[in-house]
Amino acid sequence: MKMKDLAVTGLVLIMLIGAFAPVVSADEQSTTPLPPNKFWGTVNLNGEPLAAGYMVKAYIDGELRGSVIVTSEGNYGDNLNYLAVSGSASDEGKTITFTLAGVPAEETATWKAMNPPQVLNLTASGEPKETPVPTPTPRPTVTATPAATATQTPAPQDHAQDESSTDSFNQSDGAISSVIDSIFGGNEASDEETPGESGNLRTIYAILIIEAILIAIGITGILFYFRKKRRGGI
């Protein structure tokens with residue numbers, strides 16, 4: 001019996017939920033906003049074109065649903081700047097009323113879902129109850145002035161510095177030659193050697209000495225590394 005009671009209770013709950021869901025869905029659909037109705041056309045107040053700056057407004061059930069500023073005298077909603085009147089499914093078939101500068105218009109319209117933009121020429125009679133909105137002043141166009149191109153003047157060469165560098169090089173060369181002469185005594189060159197050959201030999205000896213020193217330093221470093229590694233220092 002208990003299982004039967006549970007089954008009956010569950011069935012009743014399912015039926016209640018199923019009956020309540022369409023009501024909620026219909027409520028949501030009635031308040032969901034739909035694409036607005038759009039209007040444009042001529043607008044005249046007291047037989048004269050309505051001046052730019054005044055507003056055209058639309059109402060449904062006394063509630064403001066849209067407005068647009070007249071930018072071209074005697075016209076509203078031009079240049080695709082339509083008067084858009086918002087609404088939902090619950091507004092289907094309701095009457096739209098209009099005001100020009102706060103004065104009720106003689107014409108009305110009917111709100112319809114998915115309605116394309118339509119022409120509606122509006123007229124009204126009476127004193128304006130609203131003041132025109134100041135139209136924005138276009139900003140002046142600013143023309144950029146090209147910046148002046150800077151020309152770089154090459155710096156004058158410092159001949160004194162060049163001469164100083166040359167003297168330093170010559171002094172260094174002389175110092176190397178002196179070291180080589182002190183090592184070899186300047187007596188290894190035969191009497192038949194020319195000064196050019198003697199200079200070449202000195203340069204070769206200097207290179208060999210430098211290479212020998214570098215090799216000795218490298219070998220010493222390698223031996224020191226392996227000795228430390230063997231002792232566990234690294």
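Figures for the structure shown
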| quantity | calculated |
| --- | --- |
| Qualifying positions in the stretch 53-96 - closer than 21 Å to PRO116 by Cβ, crowded, with 17+ Cβ neighbours inside 10 Å and more than 37 Å from the chain's Cα centre (by Cα) | VAL56, ALA58, ILE60, ASN75, ASP91, ILE96 |
| Pick from the stretch 36-52, criterion within 41 Å of the chain's Cα centre (by Cα) and part of a strand (DSSP E or B), ranking: surrounded by the most Cβ atoms within 10 Å (Cβ to Cβ) | ASN37 |
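Read the figures in this text as sums done on the coordinates, not as results from a lab. All figures in this text were calculated on a predicted structure; none of them were measured in a lab. Every residue, glycine among them, receives a Cβ derived from its backbone with ideal geometry; neighbour counts consider all protein chains shown.
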